[in-house]
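Heads up, the thing below is written out as structure tokens.
The values are calculated or read from the model by the stated rules, or taken from the named source; none is laboratory data. What you see is a predicted model; the values in this text were computed from it and never measured. For neighbour counting, all protein chains shown are included, and Cβ atoms are generated from backbone atoms with ideal geometry for every residue, glycine included. Keep in mind that these areas ignore ligands, DNA and RNA; they rest on the heavy atoms of the full protein, side chains included. Shrake-Rupley method; radii C 1.70, N 1.55, O 1.52, S 1.80 Å.
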Amino acid sequence: MSDNAPVISFTSVDQVFARDDGASVTALENLSFDIGKHEFVAVLGPSGCGKSTLLRLIAGLAFPTRGEVQIYGRTVTEPRDEIGMVFQRPTLLPWFNVLGNVTFPFRHKYGRVTQAEKDRAHELLKLVGLEQFANSQIDELSGGMQQRVAIARALLLDPDILLMDEPFSALDALTRDEMSFELLRIWAERPKTVLFITHSIPEAVLLADRIIVMTPRPGAVREVLQVEVPRPRSFDSLSDPRFNALANHIRSRLFARHAA
């Protein structure tokens, strides 16, 4: 595959769900976009517009009613090893310590964890700033630390693609900002193709190369925006005029019906 070929591709995708009363709900409608190698793309849109459904289609956990979802030019027909997922809540296992949670994908897939795999898990814990907490229990960690464990776990199998479904939304504002900058650092050190779902406009502008703005349900692409704020990004990026101009533009698109 050419380096310029898309890693993820949606072509005219519809997703329709049947309800118990026999009616149907269209979650996604005529959704088309591409994501390139090692690109960081954020998806913004109102609640219920199908953002999480979009991730499930990429992950092979659901399949489109119409259209096609491809990864590396091949139609998605099942879950794939090159995809890692980070959810809104870390969903850690309380009967394992931190190291056990990070290595769980190997235990689940192969029924065992080798010393080499434990060594890799220690490297990832160092990457996310938790090297000293490998033997800690999950209930000893703050919410932000637990989400770092979830990120390390998602990186364990070295996936090419990282899908993140509002991973910081349950955190307090200060921790959320800290985790955003931490994610930027991790992504710079270990480049991945990232699709990041969020409700936060500043978070999307800070993190992403491009932002897909979606319409209310049925979800479709309203606009795809290039983020011109230069990398590497830091706290100073938040006061960049380009940052504020883009954030204000997105607000005007998402909240147009509330304008005077």
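Summary of computed values
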read-out: Of residues in the stretch 164-178 being more than 13 Å from the chain's Cα centre (by Cα) and touching a residue at least 12 places away in the same chain (Cβ under 8 Å), the one surrounded by the fewest Cβ atoms within 10 Å (Cβ to Cβ); value: 172
read-out: All positions within the stretch 180-225 that are outside any strand (DSSP E or B) and acidic (Asp, Glu); value: 182, 189, 203, 209
read-out: Members of the stretch 34-48 that are surrounded by fewer than 22 Cβ atoms within 10 Å (Cβ to Cβ), modelled with pLDDT under 95 and touching a strand residue (DSSP E or B) at 6+ places or on another chain (Cβ under 9 Å); value: 46, 48
read-out: The stretch 49-77, subset touching a residue at least 24 places away in the same chain (Cβ under 8 Å) and among the basic types (Lys, Arg), residue least open to solvent (accessible area, probe 1.4 Å); value: 51
read-out: Residue match in the stretch 180-190 (condition: farther than 30 Å from residue 149 by Cα and touching a residue at least 12 places away in the same chain (Cβ under 8 Å)); value: no
read-out: Any hit, the stretch 234-255, residues being charged (D, E, K, R), farther than 24 Å from residue 162 by Cβ and in contact (Cβ under 8 Å) with a residue 60 or more places away in the chain; value: no
read-out: Qualifying residue in the stretch 107-115 (condition: in a helix (DSSP H, G or I), crowded, with 17+ Cβ neighbours inside 10 Å and modelled with pLDDT under 95); value: no
read-out: Where residue 247 falls short, out of the listed (1) over 30 Å from residue 16 (Cβ atoms); (2) open to solvent by 30 Å² or more (accessible area, probe 1.4 Å); (3) not acidic (Asp, Glu); value: (2)
read-out: Residues located in the stretch 78-106, provided they are outside any loop (DSSP other than H, G, I, E, B), open to solvent by less than 60 Å² (accessible area, probe 1.4 Å) and more than 30 Å from residue 11 (Cβ to Cβ); value: 97, 98, 99, 100, 101, 102, 105, 106
read-out: Residue that is nearest to residue 173 (Cα to Cα), among those in the stretch 128-146 that are open to solvent by less than 30 Å² (accessible area, probe 1.4 Å) and out of contact with any helix residue (DSSP H, G or I) (no Cβ under 6 Å at 6 or more places or on another chain); value: 141
read-out: Of all residues in the stretch 224-260 being more than 21 Å from residue 38 (Cα to Cα) and among the charged types (D, E, K, R), the one that is modelled with the lowest pLDDT; value: 257
read-out: Positions within the stretch 196-244 being small (Gly, Ala, Ser) and surrounded by fewer than 21 Cβ atoms within 10 Å (Cβ to Cβ), in sequence order; value: 200, 220, 234, 237, 239
